[in-house]
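The structure appears right after this line, and notes come after that.
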Amino acid sequence: MKRLLPAEVETLWTLFTAPVVWAGHFVICYVAVAIYCEKALVWDVDFDHVRLALGLFTLLALAMIVLSAYLAWRQWGFGSGEPPHSGPTDRDRRRFQGFATLLLSGLSFVAVFYTAIPLIFIAGCHL
Amino acid sequence: MPPFRLAHQGKTCSDSPRSHARLRAVALVFLLSAALSSCSGIQSALDPAGPEAEDVATLFYVMLVGGAAIWVGVVGTLFYATRVRREPHSERTAGWVILLCGAVGPVFILGALLTYAVWLLPNMRPWTAPGEEGGLRQIEVTGEQFWWRVRYLDASGGVLLETANEIIMPVGERVLFSLNAPDVIHSFWIPSLGGKMDVIPGRINRIALEASKAGVYRGVCAEFCGASHALMAFTVEVLEAEAFDAWLQQRLAADGSSGADGLGLFLRHGCGACHTIAGTQADGKIGPNLTALGARGSIAAGTLPNTQDNIARFIRSPGEIKPGVHMPSFAMLPEGDVETIAAYLKGLE
Ligand SMILES: [Cu+2]
């Protein structure tokens, strides 16, 4: 397991992983359904297949966010120190970023879940 | 800030706590009666007359209770912090409060409300797939500046009859409205029957509505569309099935060729270039169809009660009644002519 996970890197970019997954999931869900509903009469695809595909995609997005959260937790030192990590040290800077990334992952997880709720109830296009 | 002075009492409000309280009581009664009176009537989403509107009202009440619970929680906490316990809690407790009340709680409350609203959505906006609509009665509604063109379609999509600013529909039967506009956006809304639907140039939006109670309701334009946007309403009359059929037969047979004087003036002054009256040479398409105008409850898209005087007033100076109206003023016509035309139009049934 340990070897499967990417090594810890010092970059600000990891902070954005989860929100980027959220944004991608949001755009793909909306664009996919919009295109499907416009083409529903031309394509011979059942809406339930679209729902299922987007449901699986949602699980994938959630898994990516959980992974990002795990890496953030590691960067945070698995919660070994208390926030706010405001000291002028390398360690505090890493911990601070890890904690911020963890919080953003939580937000993104909830947001992706909320975006997917209509997939459960909306069963067709409104033409 | 200078104290607010009540002119007739000659004393300042700020030095009299009693007049303060009285003012507040008056304001409260006023607000409450305003709020309650808007709960019933011909144009209220909270007095539903159809299944979709019922769901909208239920959603409103559920959200109201949800919002009230959150409000009580927030104000209760405020009260606790400022009145009950004034010393600080430990940081640990504060951390838990933030986590539970600031993050976990809202996620569940918002999640529940969102789920509930999305779950209701299919009922509030039942969709009809193309092909399924065959059995439904179809009414085509065009949002004009600033009135509604209403066309009843027959089974093959041809126009059965045209009217304006009034929709007569049978009770207990789902009716499919297809909405379109030639120039600007409007929004079609009959609060008593369901949610609103935008009317957008270049596309046809559909909304299927059912009325479960016979009665007279009021619909409005709910998207700003120009100077007289607020004067763009329509009447919805829900009739029992037989009464509806009788209305339909009567309207199909309506004929404006009697009343020769009025009709002659109507045609001579060019009204027929914009208005149609069935059974006459008047066949203009720019303005509202005036067939059986006398039978309508109001004129100029719900703006004036339908009386002969009001019709005459509107013909003379439509722009004074509806700013930006697309009908020219006929104030230059001889006085008697306008009266004769108005009497003729009021007599059309
Ligand atoms: Cu309008």
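Overview of values
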quantity: Residue check, A:F57 of a type in the set (F, W, Y), in contact (Cβ under 8 Å) with a residue 40 or more places away in the chain and either more than 27 Å from B:I98 (Cβ to Cβ) or open to solvent by less than 30 Å² (accessible area, probe 1.4 Å) (or both); calculated: no
quantity: Condition check for B:L263: of a type in the set (A, V, I, L, M, F, W, C), within 29 Å of the chain's Cα centre (by Cα) and open to solvent by less than 60 Å² (accessible area, probe 1.4 Å); calculated: no
quantity: Tally of residues being in a loop (DSSP other than H, G, I, E, B), within 24 Å of B:S44 (Cβ to Cβ) and within 16 Å of the ligand (Cβ to nearest atom) across the range B:190-219; calculated: 3
quantity: Single unsatisfied condition, B:G287 versus (1) within 16 Å of the ligand (Cβ to nearest atom); (2) in the same structural domain as B:Q138 (by TED's automatic domain parsing); calculated: (2)
quantity: Complete set of residues in the range B:232-276 that are touching a Cys at 6+ places or on another chain (Cβ under 9 Å) and among the aliphatic types (A, V, I, L, M); calculated: B:M232, B:A233, B:L265
quantity: Cβ pairs under 6 Å, 6+ apart, first in the range B:140-158 and in the same structural domain as B:I190 (by TED's automatic domain parsing) and assigned to a loop (DSSP other than H, G, I, E, B), second of a type outside the set (V, I, T) and away from the ligand (no atom under 14 Å from the Cβ); calculated: B:D154/B:L160
quantity: Residues of the range A:63-85 satisfying the condition of being open to solvent by 60 Å² or more (accessible area, probe 1.4 Å) and outside any helix (DSSP H, G or I); calculated: A:F78, A:S80, A:E82, A:P84
quantity: A:A23 under 20 Å from A:G124 (Cβ atoms), at pLDDT 85 or above and of a type in the set (A, V, I, L, M); calculated: no
quantity: Which numbered condition A:I35 misses (of (1) within 14 Å of another protein chain (Cβ to nearest Cβ); (2) open to solvent by 40 Å² or more (accessible area, probe 1.4 Å); (3) over 27 Å from B:L110 (Cβ atoms)); calculated: (1)
quantity: Contacts under 7 angstrom Cβ, first residue in the range B:332-349 being in the same structural domain as B:D309 (by TED's automatic domain parsing) and within 14 Å of B:S317 (Cα to Cα), partner open to solvent by 70 Å² or more (accessible area, probe 1.4 Å) and part of a helix (DSSP H, G or I), 6 or more apart; calculated: B:A342/B:Q308
quantity: Among residues of the range B:220-252, those that are under 19 Å from B:P182 (Cβ atoms) and either open to solvent by less than 20 Å² (accessible area, probe 1.4 Å) or more than 16 Å from the ligand (Cβ to nearest atom) (or both), counted; calculated: 6
quantity: Which listed residue is within 14 Å of another protein chain (Cβ to nearest Cβ) and under 28 Å from B:F60 (Cα atoms), from B:F108, B:F188; calculated: B:F108
quantity: Among residues of the range A:97-110, those that are buried (at least 18 other Cβ atoms within 10 Å of the Cβ) and more than 10 Å from chain B (Cβ to nearest Cβ), counted; calculated: 8
quantity: Residue match in the range B:269-280 (condition: in a loop (DSSP other than H, G, I, E, B), without any contact (Cβ under 8 Å) to a residue 12 or more places away in the chain and either away from the ligand (no atom under 16 Å from the Cβ) or within 14 Å of chain A (Cβ to nearest Cβ) (or both)); calculated: yes
quantity: Filter result for B:S258 (away from the ligand (no atom under 16 Å from the Cβ), within 20 Å of B:T163 (Cβ to Cβ), of a type outside the set (K, R) and more than 15 Å from the chain's Cα centre (by Cα)); calculated: yes
quantity: Search result, residues across the range B:130-158 that are open to solvent by less than 30 Å² (accessible area, probe 1.4 Å) and at pLDDT 90 or above; calculated: B:I139, B:V141, B:T142, B:G143, B:E144, B:F146, B:W147, B:W148, B:R149, B:V150, B:Y152, B:L153
quantity: Tabulated pairs, the range B:220-240, first outside the structural domain of B:N306 (by TED's automatic domain parsing), second assigned to a helix (DSSP H, G or I) and near the ligand (Cβ under 8 Å from one of its atoms), C-beta under 9 angstrom, 6+ apart or interchain; calculated: B:C221/B:H229; B:E223/B:H229
quantity: Residue in the range B:179-189 that is in contact with a Lys or Arg (Cβ under 6 Å, 6 or more places away or on another chain), open to solvent by 10 Å² or more (accessible area, probe 1.4 Å), within 16 Å of the ligand (Cβ to nearest atom) and not charged (D, E, K, R) present; calculated: yes
quantity: Residues being open to solvent by 20 Å² or more (accessible area, probe 1.4 Å) and among the β-branched types (V, I, T) - total across the range B:331-346; calculated: 1
quantity: Some residue of the range B:95-102 being modelled with pLDDT under 90, more than 14 Å from every other protein chain (Cβ to nearest Cβ), within 30 Å of B:V325 (Cα to Cα) and open to solvent by 80 Å² or more (accessible area, probe 1.4 Å); calculated: no
quantity: Residue that is in a helix (DSSP H, G or I) and away from chain B (no Cβ under 14 Å), where the choices are A:R51, A:R91; calculated: A:R91
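The values are calculated or read from the model by the stated rules, or taken from the named source; none is laboratory data. Please read all numbers here as calculations on a predicted model, not as lab measurements. Glycine gets a Cβ as well: all are built from the backbone with ideal geometry, and neighbour counts include every protein chain shown. When the accessible area is computed, the model is the full protein with side chains, heavy atoms only, and any ligands, DNA or RNA have been set aside. Shrake-Rupley method; radii C 1.70, N 1.55, O 1.52, S 1.80 Å.
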